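To keep things clear, I will list the structure first and then write my remarks on it.
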Amino acid sequence: MADASAGGFPDDYPTIDPTSFDVVVCGTGLPESILAAACAASGKTVLHVDPNPFYGSLFSSVPLPSLPSFLSSDSSTPGPSSSTATSSSAAASHSAVHLEHRCLYSEVETSGTVPESSSRFTVDLVGPRVLYCADEAVDLLLRSGGNNHVEFKSVEGGSLLYWDGALYPVPDSKGAIFMDGTLKPGMKTLLFSFFKLVESHIAASSSGDKEGEGEASAKISEEDLDLPFIEFLKKMRLPPKIRAVMLYAIAMADYDQDAAESCEKLLTTRDGIKSIALYLSSIKRFANAEGAFLYPMYGQGELPQAFCRFAAVKGALYVLRMPVTALLLDQEKKRYIGTRLASGQDILCQQLILDPSFKIPSLDMPSDASDSNSPRKVSRGICITSSSIKKGKSSVLVVFPPKSLQEQQAAAVRVLQLSSNVAVCPPGMFMSYLSTPCTDAFIGKQCINKAIEVLFNAQGSDDSEDHLEATSENIENAKPTLIWNCVYVQEITQGTSGTVLSCPMPDENLDYRNILESTKKLFADTYPNEEFLPRNAAPKYADDDSDSAE
């Protein structure tokens, strides 16, 4: 977690020795930290610096009082105004190109009263975010030994779907279907059959059809796999509400799948089944985990730190409170060959890796590669309440399908509620994160605010007549009262390769799969002959329990 008291920058920066490395990484966000770990594991010499006194950069978990400074225009990696002096020996061979920061956050609005114990609230900059129990991010933690530095809790309240003005439990397993009193017997039979079909297809696909025609007949046809997933669900005779469950609460589609012509990303049956398979396998992976999702104790900022620890064990050198002010340009070869630190010291390297807050001057890659005319955005919200969305549950995921809040809602809104059981707020308090992808900041924030209005009562309002219709005795009728909230818009940039490698921003997704895929691609583009975090690279720890979620 970021330490609010560890503010400013030292008057005297340390001198770094040696002054040449294979790789220099600037910023300790999750992609940068994974890349540093992968480079160190492959035998590269790595210098990893960060201007902040803590790990995480744009993936940090920060104390609530520190949030405004992170969301300000110059927040992502603040640094002092530093000298651009160059040593005489270096000046002859290269010049310094000043680095600027891009504005990543905008449209910031807060309301309500900050709790007196505000320093006890830890805020994720990437929320809402979870890990599937069975996804590759967890496997990477196990392979690198990072699981020894992070403790997880499961999202034990499961998922809720907002539909026709009410919250419904998500029937995401055979047990949940059986216990769901809102489902009629005929619908339960349809759901049982659908999940059986998915499981049979997964089993047949994993066996490679070696078992003969019986296994092959259990597979979904190639023709159906190429269909839009929503068309396949209609073919399976699933009604609209259950289609919404499959699309937005289990397969985690973002955009309106009913609007095929305007949908930004239309999910195919192949991808939908793959996502459902991940969800189902996650439910069964850890004996002590309830449901499909995990959340790290103390916040998402613990994940980058775990990979940094692995990299340090492998020989990477770490220097915090060390801003980078310029890139070193080889005038003759026209390529970047290092960085200038805030101390004025020049560090040479073969490969530069920067966090996405930097604007990279153009040489062998477009300077505005991630600054297109219509950059992707995600609207985010953070809420503090004193009661739970779901009675008796510490954590819960809520999904608002497209158009469930308003006609202009083109994408799903997802809400993750957390509590003191993951050490992000004081006992008796709850933190909820909301997000939705958007191209129009106004519409995105409007959808977030509408979801907040649906889930919570404004402070001081009369809640005697303001209830959220519930469909189960396990879901609390009375809406929690909103104590404080913040809504803002974040730009999304993609990773780019070159002599300067730029890492991806936190994206709009609930999990880290896309970020991890992008990070792996950046490593493969840079070191095509190196294995990405080989399985035998993990340091050995006593009492290693890879089958536990905690």
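The values are calculated or read from the model by the stated rules, or taken from the named source; none is laboratory data. Bear in mind that the values here come from a model prediction, so they are computed numbers and not experimental data. Cβ: placed from backbone, ideal geometry, glycine included. Neighbour counts: every protein chain shown. The accessibility values were calculated without ligands, DNA or RNA, using every heavy atom of the protein model including side chains. Shrake-Rupley method; radii C 1.70, N 1.55, O 1.52, S 1.80 Å.
Structure notes:
- Leading residue by the ranking (farthest from residue 194 (Cα to Cα)) among those in the stretch 230-259 that are in contact with a strand residue (DSSP E or B) (Cβ under 6 Å, 6 or more places away or on another chain) and of a type outside the set (Phe, Trp, Tyr): 254
- In the stretch 377-390, the residues that are within 21 Å of residue 122 (Cα to Cα), touching an Asp or Glu at 6+ places or on another chain (Cβ under 9 Å) and not in a strand (DSSP E or B): 387, 388, 389
- For the stretch 288-312, the set of residues classified as assigned to a helix (DSSP H, G or I) and over 16 Å from the mean Cα position of the chain (by Cα) consists of 308, 309, 310, 311, 312, listed by residue number.
- Residues in the stretch 297-332 that are among the polar types (S, T, N, Q) and crowded, with 16+ Cβ neighbours inside 10 Å: 300, 305, 325.
- Residue count, the stretch 38-65 (criterion: in a helix (DSSP H, G or I) and either farther than 25 Å from residue 123 by Cβ or free of Cβ contacts under 8 Å to residues at least 40 places away in the same chain (or both)): 4
- Qualifying positions in the stretch 271-327 - small (Gly, Ala, Ser) and within 24 Å of residue 15 (Cβ to Cβ): 311, 312, 315, 316, 326
- Check on residue 203, exposed (fewer than 15 other Cβ atoms within 10 Å of the Cβ) and of a type in the set (Gly, Ala, Ser): yes
- Taking the criterion of being of a type in the set (Lys, Arg) and not in a loop (DSSP other than H, G, I, E, B), the only residue of the stretch 170-185 that qualifies is 174.
- Among the residues of the stretch 432-454, those identified as surrounded by 23 or more Cβ atoms within 10 Å (Cβ to Cβ) and of a type in the set (A, V, I, L, M) are 434, 448, 451.
- Taking residues in the stretch 302-314 that are under 16 Å from residue 59 (Cα atoms), and partners anywhere that are surrounded by 24 or more Cβ atoms within 10 Å (Cβ to Cβ) and β-branched (Val, Ile, Thr), the pairs with Cβ atoms closer than 7 Å and at least 6 places apart or on different chains are 304/28; 307/34; 308/28.
- In the stretch 466-497, of all residues being part of a loop (DSSP other than H, G, I, E, B) and buried (at least 20 other Cβ atoms within 10 Å of the Cβ), the one that is modelled with the highest pLDDT corresponds to 480.
- Considering residues of the stretch 503-537 that are in contact (Cβ under 8 Å) with a residue 12 or more places away in the chain and among the small types (Gly, Ala, Ser) only, the residue surrounded by the fewest Cβ atoms within 10 Å (Cβ to Cβ): 518
- Scanning the stretch 410-431 for residues that are in contact with a Pro (Cβ under 9 Å, 6 or more places away or on another chain) and without any contact (Cβ under 8 Å) to a residue 60 or more places away in the chain yields 413, 419, 420, 430.
- Elements of type strands (runs of 3 or more DSSP E) contained in the stretch 391-456, each with 2 or more residues being over 26 Å from residue 132 (Cβ atoms) and at pLDDT 95 or above: none
- Flag for residue 315 being modelled with pLDDT of 95 or more, over 23 Å from the mean Cα position of the chain (by Cα) and in a loop (DSSP other than H, G, I, E, B): yes
- Elements of type strands (runs of 3 or more DSSP E) contained in the stretch 94-134, each with 2 or more residues being hydrophobic (A, V, I, L, M, F, W, C) and either over 20 Å from residue 375 (Cα atoms) or open to solvent by 10 Å² or more (accessible area, probe 1.4 Å) (or both): 94-98
- Filtering the stretch 28-51 to residues that are open to solvent by less than 10 Å² (accessible area, probe 1.4 Å) and of a type in the set (S, T, N, Q) leaves 28, 33.
- Within the set 188, 234, 219, 196, the sole residue that is in a loop (DSSP other than H, G, I, E, B), free of Cβ contacts under 8 Å to residues at least 24 places away in the same chain, surrounded by 12 or more Cβ atoms within 10 Å (Cβ to Cβ) and not small (Gly, Ala, Ser) turns out to be 219.
- Scope the stretch 265-287; condition free of Cβ contacts under 8 Å to residues at least 60 places away in the same chain, in contact with a strand residue (DSSP E or B) (Cβ under 8 Å, 6 or more places away or on another chain) and either charged (D, E, K, R) or in a helix (DSSP H, G or I) (or both); matching residues: 265, 269
- Residue satisfying all of: in the stretch 137-169; part of a loop (DSSP other than H, G, I, E, B) and open to solvent by 10 Å² or more (accessible area, probe 1.4 Å); nearest to residue 276 (Cα to Cα) among these: 158
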